[in-house]
Amino acid sequence: MYTFALFLLFGLALEIKTQTTTPEQVHLSYGVDPTQMLVTWSSMAPYAVNPVCNYCVSKQSLTMKAYGTSKKFVDGGKGKHTQYIHRVALIKLQPGTMYNYQCGDGKSMTKIFNFTAMRDDADWGPQIAMYGDLGLKNGQSVKRLKDDTQKGMYDAIFHIGDFAYDLDTQNASYGDEFLREMESLAAQLPYMTCPGNHEYHNFSNYKNRFTMPTDEYGDRMFYSFNMGPAHIISLSTEYYFFIYYGIMQPVHQYKWLEKDLQEANKPENRAKRPWIITMGHRPMYCSNKDHDDCTRHESLVRIGIPLIHAYGLEKLFYDYGVDLALWAHEHSYERLWPIYDRQVYNGSLAEPYTNPKAPVHIITGSAGCQENHDDFKNNTASWSAFRSNDYGYTRMHIMNKTHLYLEQVSDDKGGKIIDSITTKKRSSWVIFEERNTTKEYKT
């Protein structure tokens, strides 16, 4: 009886301890322009006041203040796990300047973190770590990514869908623990995301936990932003598969995407930011030995609605000169030759990635999760340039308006670079006449 009473008291104490206003799971994302940075975090008990962040260039005197909003989030699992998610936009930032910050309710505050505000010039050459399908268990790349971050190697992280495996597992405790684990990266670097198939439980955990520019509450799950000489577009491939959440979702996304690409292709915009880069979870192509959509001759993401071939992404990418398409989903790494409609469009035999005549596709879903690897077919497809089953992640350096460098890091081989390419644009002109247009955009 005495033992049972102690156990009961311990359980109650643990429950009380977890339901506090202590801020946790801090992560950043870019705002609508370089003068903003968005901060998102959680607490297990509600705040009596609006959430606040104190920030400044000086670590000793955080004299700037920004207030935000809080939202109660109840997970859909049987446990009805409840937390309070807080969002604050840090404003009036000087582009390219390092800031220190801490957030909370004014009493219970985070430790002091720091970040560098986005630069606002197109001559900046941002460096980015990219991956998808990173789980709480078997997260092979996490340690090396943390080491890289401490060395100051990156300006941002792109997580291309599938978080924690899954965010809602065990009454969303996996999501909490995953974001605690990633805090040392994501509280320092903007953590830019897109949804994957493992967020499919009505996507509520994804929508509530992440805050993306122009889509702060995940109402659309697609958005775009500018970064140095690149225009970045994040999409939801899941709209093609989970139609019971709304059959018009791929249509709305398609129409938004076309308008976004039209704006990015205005001569003055394309001259300033010649690179157009997309990220979405499920690839159009892959040579894996499974039955995923990308293994099919007419994948939904690529051609859209079957039979009528409407609202697919590939022709839109091709027509508007998308340079690089980033994907995950397959638990492997694969680099494709420039490709459109299953045909290779290399720039030349000697330099396939110099002035390529179609988008370049990269699949980077091997950061590690409990589902391990996805094997490849024995026969390599004609459009597949390189593939690996090593755990790892991708680094991208948008060097300038004419050069973009990509490399694949192998965790199995102790951080060795197992693949790399540099894709190049013509030094003075970017020509899209091969992509159903005769316009020339000077850069």
Once the piece of chain linking S58 and T20 is laid out straight, how much longer is it, given 0.36 nm per residue of separation minus the C-alpha distance between them? 10.8 nm
K259 neighbourhood, Cβ < 14 Å, K/R = +1, D/E = -1, net charge -1
Local charge sum around H403 (other residues, Cβ-Cβ under 15 Å, Lys/Arg +1, Asp/Glu -1)? +2
Using +1 at the C-beta of Lys and Arg and -1 at the C-beta of Asp and Glu, which of V88, A66, I339 has the Cα lying farthest in the positive direction of the dipole of the chain? A66
For region 338-384, the percent of accessible surface on carbon and sulfur atoms (probe 1.4 angstrom, ligands and nucleic acids excluded) is 42 percent
Under a 1.4 Å probe, counting only protein heavy atoms, E258 has an accessible area in Å², nearest 10, of 60 Å²
Connecting every pair of Cα atoms under 10 Å apart in the chain and solving the GNM, the largest mean-square fluctuation among K357, K401, K71 falls on K71
Which FRET efficiency value, to the nearest 0.05, is calculated for M248 and Q370 with the Förster distance at 45 angstrom and r the Cβ-Cβ distance? 0.85
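Rounding to the nearest 20 debye, state how big the charge dipole of the chain is about its Cα centre with +1 on each Lys and Arg Cβ and -1 on each Asp and Glu Cβ. Let's see the in-between values first.
Numbers: 47 positive and 50 negative charges, 190 e Å.
My answer is approximately 920 debye.
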Using a 1.4 Å probe and ignoring any ligands, DNA or RNA, find the accessible area of F158 and quote it in Å² to the nearest 10. 0 Å²
Among the listed pairs K143/K413; K266/K425; K207/K401; K272/K424; K377/K425, which are separated by more than 24 Å between their Cα atoms? K207/K401; K377/K425
Taking Cα pairs under 8 Å and at least six residues apart, what relative contact order does the chain come out at, in percent? 14 percent
Under the rule that a partner needs its Cβ under 4.7 Å from the first Cβ, which Cys of the chain have none? C56, C194, C369
For the chain, set up a GNM with springs between Cα atoms under 10 Å and report which of K207, K315, K151 has the largest fluctuation. K151
Solvent exposure of the chain as accessible area per residue, Å², 1.4 Å probe: 42 Å²
If each part is reduced to its alpha-carbon centroid, region 97-168 and region 326-392 end up apart, in Å, by 25 Å
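Count the net charge of all other residues whose Cβ sits under 13 Å from the Cβ of T354, scoring Lys and Arg as +1 and Asp and Glu as -1.
On the way: positive: K357, K424, K425, R426; negative: D323, E351.
Residues near T354 contribute +2 overall.
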Determine which residues of region 332-347 fall in the zone a paramagnetic label at E407 would reach in this model, i.e. backbone nitrogen under 19 Å from the point 7 Å along Cα→Cβ. 333-336
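About its Cα centre, what dipole magnitude does region 182-278 give when the only charges are +1 on Lys and Arg Cβ and -1 on Asp and Glu Cβ, stated in debye to the nearest 20?
Working: 9 positive and 10 negative charges, 55 e Å.
With only Lys, Arg, Asp and Glu charged at Cβ, the dipole is about 260 debye.
Helix-only mean residue ellipticity at 222 nm, the chain, DSSP H runs n ≥ 4 weighted -39,500 (n - 2.57), per residue, nearest 500. What is it? Each step should come with its number before you reach the end.
Working: 9 runs with 81 residues, N = 443.
The helix contribution divided over the chain gives -5000 deg cm²/dmol.
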Top to bottom by accessible area (1.4 Å), largest first, where do S70, S234 land? S70, S234
GNM of the chain, Cα pairs under 10 angstrom: of T110, T63, T149, the biggest fluctuation goes to T63
When the solvent-accessible surface of protein heavy atoms is calculated with a 1.4 angstrom probe, in what order do E24, E351, E238 fall, highest first? E351, E24, E238
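Using DSSP, restrict attention to beta bridges with both residues in the chain and report what percent are antiparallel, rounded to the nearest 5.
Details: 72 of 97 bridges.
Just about 75 percent of them are antiparallel.
Stretch S108-S184 to full length: gain in nm at 0.36 nm per residue minus the Cα-Cα span?
Numbers: separation 76, 0.36 × 76 = 27.36 nm, distance 1.89 nm.
Computed gain between S108 and S184 is 25.5 nm.
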Per the 1/(1 + (r/R0)^6) rule, R0 = 35 Å and r from the Cβ atoms of D292 and K151, FRET efficiency to 0.05 is 0.50
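Normalised by the number of residues in region 365-409, what is the relative contact order in percent for Cα pairs under 8 Å and 6+ residues apart?
Numbers: 37 pairs, mean separation 15.6, N = 45.
So the answer I get is 35 percent.
The values are calculated or read from the model by the stated rules, or taken from the named source; none is laboratory data. Quick caveat, the model's predicted, so the values are computed rather than measured. All Cβ positions, glycine included, derive from the backbone under ideal geometry; neighbour counts span all protein chains shown. For the accessible areas, the whole protein counts, side chains as well, though only heavy atoms, and no ligand, DNA or RNA atoms are used. Shrake-Rupley method; radii C 1.70, N 1.55, O 1.52, S 1.80 Å.
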